[in-house]
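The values are calculated or read from the model by the stated rules, or taken from the named source; none is laboratory data. Only a predicted model underlies this, so the values are computations on that prediction, with no experimental measurement involved. Every residue, glycine as well, gets a Cβ built from its backbone with ideal geometry; the counts of neighbours run over all protein chains shown.
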């Protein structure tokens, strides 16, 4: 695995004050506009390389050590700041987005009705810049006695349903702060459900729908029957359990009994035990004459388990900076679930307040940015 590094620079861009682009803190809006001008969909190695160069350059400008690791999924960044205090803190983020090439040109960063809109502002480019700004604040105040801080920015979170390749390096940390956006009402995220996305495949027999209809074995009809069974049997069968059939794909032409079909099922559960039970129930496929059904084996995301001590500390800081003192449990997944799974106390939703993830009106609240930076800085050990 190739790596490159940048030495800490003396510039302290985070120490500037005053308003900036779209009412965001000084320097923040310019960086956010530049980052949102890059198309970096998961798997777009060229786009991910461009976003990584921006982030690495800004981190170096802010006096932070930068390591860029070349991985098959794209550049993984580790941005670090040593401290004189004990322990180690993690900031977790991803620089891939869901939007395809061309989105950034058609939807540049803008302010509308008091919100800042742009591709990936909430999920999670705004959060990445919150983390950088908090670390820059610590770097500008060496006597603060903060612990060592490591910001891990992966290139593949949006499409991955297994553990990040760097998970073992997160073990033993004292806390992890995941920089996904805060909820629309200002809530931080202190718990998440376990989740996975399974592909179903049915194989039957193609046949002409007119002259040999009864000789065919419809993979589509078999999966359709299973889709109904799965939702009726699983959704709500245990507290919080969600089962949603999200895809049914079959057939090449209109006049053929389809002998092949694919389906997708989204499963979310309060615990790993419930998720495993749901998977076992899902694969109790019925008998379908001449059709065989199998499923994929994605492990999915574990739950993020609420850490009472860290959650209460964050809520207290929210009160101190005058932000909404709210928390939520989310059905969505993030890499904060993985840090929690290896015993690292984790809180999520520490990016700017926002919403509309993955949609045409994705937004953040510019007034929430400065308080989020301050909360993260203090949690890392800043004065």
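Values computed for the structure shown
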{"quantity": "Criterion: under 30 Å from residue 366 (Cβ atoms) and at pLDDT below 95 - qualifying residue of 316, 333, 311", "calculated": "333"}
{"quantity": "Verdict on residue 226 being closer than 17 Å to residue 284 by Cα, without any contact (Cβ under 8 Å) to a residue 24 or more places away in the chain and in the same structural domain as residue 288 (by TED's automatic domain parsing)", "calculated": "no"}
{"quantity": "Search result, residues across region 34-63 that are surrounded by fewer than 19 Cβ atoms within 10 Å (Cβ to Cβ) and closer than 20 Å to residue 370 by Cα", "calculated": "34"}
{"quantity": "Residue satisfying condition, being in the same structural domain as residue 166 (by TED's automatic domain parsing), part of a helix (DSSP H, G or I) and surrounded by fewer than 19 Cβ atoms within 10 Å (Cβ to Cβ), within set 67, 30", "calculated": "30"}
{"quantity": "Residue 216 being over 34 Å from the mean Cα position of the chain (by Cα) and either crowded, with 16+ Cβ neighbours inside 10 Å or in contact (Cβ under 8 Å) with a residue 60 or more places away in the chain (or both)", "calculated": "yes"}
{"quantity": "Flag if residue 244 is part of a loop (DSSP other than H, G, I, E, B) and modelled with pLDDT of 95 or more", "calculated": "no"}
{"quantity": "Residue that is farthest from the chain's Cα centre (by Cα) [pool: residues in region 172-189 that are surrounded by 18 or more Cβ atoms within 10 Å (Cβ to Cβ) and in a loop (DSSP other than H, G, I, E, B)]", "calculated": "173"}
{"quantity": "Test: residue in region 196-212 that is within 22 Å of residue 89 (Cβ to Cβ), surrounded by 23 or more Cβ atoms within 10 Å (Cβ to Cβ) and either outside the structural domain of residue 71 (by TED's automatic domain parsing) or in contact (Cβ under 8 Å) with a residue 40 or more places away in the chain (or both)", "calculated": "no"}
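Okay, residues lined up against (1) crowded, with 18+ Cβ neighbours inside 10 Å; (2) modelled with pLDDT of 95 or more; (3) in contact with a helix residue (DSSP H, G or I) (Cβ under 9 Å, 6 or more places away or on another chain):
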{"site": "252", "(1), (2), (3)": "no, no, no"}
{"site": "261", "(1), (2), (3)": "yes, yes, yes"}
{"site": "266", "(1), (2), (3)": "no, yes, no"}
{"site": "274", "(1), (2), (3)": "yes, yes, no"}
{"site": "280", "(1), (2), (3)": "no, yes, no"}
{"site": "286", "(1), (2), (3)": "no, yes, yes"}
{"site": "295", "(1), (2), (3)": "no, yes, yes"}
{"site": "299", "(1), (2), (3)": "no, no, no"}
